[in-house]
Structures are given as C-alpha cells and as structure tokens.
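Chemist: What follows is a structure written as structure tokens; I'll ask about it next.
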Amino acid sequence: MNIYTRELLTLLSITLAFNGATHADSSTVDNLDNGHFYQRIDSPMSWTSAAEYCKNQGGYLATLTSEQENSFVYDELQKPSNDFCWLGGSDSKQEGIWEWTNGDNWSYESWANGEPNGGTTENHLLYWGQYVWNDGTNSVVSHCGICEWDNATYLKANVANGKTVAAIGEFFTGGWGSGSVVDYSTITDGVVFPNWHQWDQGTVWWQENKDNVQNKLIVYLGSIQNIKTIFIQVDNNDDYLISWEDSNDGLVKKKVIPQRNWGMAPIVRIDVDAITDTFTIEHDSNGAGDGFYSVSEFAAIAAD
Ligand SMILES: [Ca+2]
Ligand SMILES: [Ca+2]
Ligand SMILES: [Ca+2]
C-alpha cells in the first residue's frame with residue numbers, strides 16, 4: 001500500500017466516523033491505482049446472493065485483474081475479515097474456463113496450491129489464504145463478499161451534474177491571486193473520474209475574507225433528494241466544511257474534510273445519507289487554512 005492510499009484510508013475512516021452510522025460491513029476503500037471502490041459485505045451469502053447484492057448497489061463482485069488489485073483488496077478487505085470472501089469469477093458456463101462475470105478480461109490469476117480442484121462441483125471464486133484463490137461451491141458455503149465499483153458506472157447517478165451553483169463572495173479561475181472572476185456554473189461539470197487529479201476543468205479559487213465575506217459555494221439539486229454519497233475535490237492543505245439541511249428534522253448537518261499532507265488532492269468520497277436539496281461548500285473557519293482555497297469537482301449520488 002502506498003503512502004497516498006494509507007493517508008486516504010485514514011481520511012475515509014475519519015469522515016465515516018462523522019457519519020455515526022453503524023453497520024457490520026467494512027468501510028469503503030478506494031484504490032488510487034485504478035480509481036475503483038471496494039467494500040466487504042460481512043453477511044454470509046452464497047456466491048449468487050453476493051453477486052446480486054453488489055449488482056443492486058450499482059457494482060459487481062470484485063474482479064482482481066492485476067497483482068496490484070489483488071494485493072490491495074487482500075490487504076484492505078480480505079485480511080481484516082474472519083472469513084474467505086467471494087470474488088467475481090466463475091467457471092460455471094464452461095468447466096475450467098474461468099471468467100470475470102462483469103466481462104473483465106481473465107488476464108491474471110492467483111490460485112492457491114492445488115486449486116482449482118473442484119471440477120464441476122466448484123465453480124465460484126473466493127479467497128483462500130494470503131493473496132490466493134480457491135474454486136468453491138456456490139450453494140454449500142456461505143461467505144462474505146467483496147463488491148467493487150468503477151467510477152464511470154457509479155457516477156451515472158450524479159444528480160448534481162448540470163445543476164445550479166451559487167457563489168457567495170468572489171471566485172476566480174486561473175490560480176490564486178490571478179485570473180478572472182469565474183462563471184461558477186463551470187464547477188457543475190461533474191466530470192470527476194476516471195482522472196483522479198483533474199484540476200484542469202471547472203476549478204474555482206478564492207481568497208478568504210478578501211472583502212470580509214465568508215466565501216461559499218451552494219449547489220442546488222433542484223428538488224429534495226435522498227443523497228447517499230458525495231464526491232468532492234478540494235485544495236489539499238486546508239479544512240473544508242460541507243453542510244446541508246436535513247429535511248427529516250430541519251437540522252443542519254456537517255462534514256469536515258480535514259487538511260491532508262500529500263501532494264495533489266485526490267477526490268474525497270463522503271457517505272452522507274442526506275435528504276436535502278442543497279449542499280454548501282466552504283472553508284471550515286474553525287479549522288486549518290492558509291487563506292487560499294479551491295474546489296474542482298463535486299458530485300452527489302442519489303440513493304436507489
Ligand atoms: Ca477489478
Ligand atoms: Ca469448476
Ligand atoms: Ca476448490
């Protein structure tokens with residue numbers, strides 16, 4: 001695991017802790033190498049149920065198509081579990097011909113010693129030790145499963161895309177201390193992925209308290225919606241505050257994106273479970289900040 005991944009995981013656990021939600025499944029982890037997300041589902045399931053569950057969440061049972069992906073998923077999700085989790089491979093169509101059921105190429109494999117050994121009675125893939133796999137029996141064994149999402153698929157549900165953004169204060173393009181006042185509708189492009197370090201489209205900058213104004217960007221979704229997750233890309237060495245009014249209880253809910261210490265700011269994923277029509281993005285005035293801020297991308301993913 002590289003330093004960026006470790007830092008991001010720390011960040012994710014912090015942001016998830018703000019959520020207060022409790023569930024048995026693992027946190028979602030982001031693989032910066034391919035830009036995909038993963039989560040371990042801890043309820044014991046057949047392979048078929050696990051595959052169905054991931055599909056219903058907009059993803060698929062994990063496909064480990066490289067040594068990097070296999071190591072990452074093993075270290076982050078399989079290793080901390082007390083079980084061997086299902087993966088998205090099967091040879092049920094044709095015995096001995098393994099395929100990833102989402103259509104990914106079967107270009108890499110990591111069988112345990114002696115596996116696969118089950119012939120036509122074992123047609124479904126699961127972890128079976130350190131970085132290695134087994135062919136297992138779908139209907140007999142019940143295991144955890146590891147879901148995977150690729151961003152392009154996931155972000156089809158970005159309900160912030162093309163919606164209105166209001167800017168309170170003065171925002172500009174072209175970098176800090178220069179450039180022209182921005183047409184802030186450009187930050188609604190929602191073009192977040194698959195490039196994780198995209199600062200060249202729709203970025204807006206501001207200088208805090210330039211005119212004694214607490215700068216804010218307010219994203220209007222157009223109607224009250226149940227938002228599961230937001231994605232945001234902000235400057236990396238300041239604390240940012242995301243807030244929204246929850247229409248369930250009328251209270252303003254908040255999440256802080258803490259300052260981070262690595263180079264370029266990656267996309268941050270925050271599970272919000274919000275029922276709202278607006279999100280406000282600003283510098284957290286109680287937190288760290290150097291007076292110069294920027295936001296590049298914002299996406300809001302509606303719950304099913
Ligand atoms: Ca994969
Ligand atoms: Ca088989
Ligand atoms: Ca086997």
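The values are calculated or read from the model by the stated rules, or taken from the named source; none is laboratory data. Because the structure is predicted, anything quoted here is derived from the model rather than measured. Every residue, glycine among them, receives a Cβ derived from its backbone with ideal geometry; neighbour counts consider all protein chains shown.
Chemist: Just checking, how many residues over region 50-67 are of a type outside the set (A, V, I, L, M, F, W, C) and either on the phi > 0 side of the Ramachandran plot or modelled with pLDDT of 95 or more (or both)? Step through it out loud before you land on a result.
Modeler: Going residue by residue through region 50-67, those that are of a type outside the set (A, V, I, L, M, F, W, C) are 52-53, 55-60, 63, 65-67.
Those left that are additionally either on the phi > 0 side of the Ramachandran plot or modelled with pLDDT of 95 or more (or both): 58, 63, 65-67.
The number of residues fulfilling the criteria is 5.
Chemist: Next question, about the same structure. Can you tell me which of (1) surrounded by 18 or more Cβ atoms within 10 Å (Cβ to Cβ); (2) at pLDDT 95 or above; (3) of a type outside the set (Ser, Thr, Tyr) is the one Lys163 doesn't meet?
Modeler: (2)
Chemist: Follow-up. Quick check on this structure: which one of Asn134, Asn105 is modelled with pLDDT of 95 or more, more than 18 Å from the chain's Cα centre (by Cα) and within 13 Å of ligand 1 (Cβ to nearest atom)? Before you say what the answer is, go through the steps one by one.
Modeler: Details: Asn134 fails: within 13 Å of ligand 1 (Cβ to nearest atom).
Just one listed residue meets the conditions, Asn105.
Chemist: Another question, then. I'm trying to understand the selection: among the residues of region 81-124, which are under 20 Å from Asn56 (Cβ atoms) and either buried (at least 17 other Cβ atoms within 10 Å of the Cβ) or within 10 Å of ligand 3 (Cβ to nearest atom) (or both)? Spell out the reasoning first.
Modeler: Residues of region 81-124 that are under 20 Å from Asn56 (Cβ atoms), as a first pass: 85-90, 100-104, 124.
Cys85, Trp86, Leu87, Gly88, Gly89, Ser90, Trp100, Thr101, Asn102, Asp104, His124, listed by residue number.
Chemist: I'm trying to understand the selection: among the residues of region 56-73, which are assigned to a strand (DSSP E or B) and surrounded by fewer than 17 Cβ atoms within 10 Å (Cβ to Cβ)? Break it down stepwise before answering.
Modeler: The initial filter retains those residues of region 56-73 that are assigned to a strand (DSSP E or B), namely 60-61.
Of everything in region 56-73, nothing turns out to be assigned to a strand (DSSP E or B) and surrounded by fewer than 17 Cβ atoms within 10 Å (Cβ to Cβ).
Chemist: Consider region 125-145. How many of its residues are within 11 Å of ligand 3 (Cβ to nearest atom), in contact with a Pro (Cβ under 8 Å, 6 or more places away or on another chain) and among the small types (Gly, Ala, Ser)?
Modeler: Residues meeting the conditions: 0.
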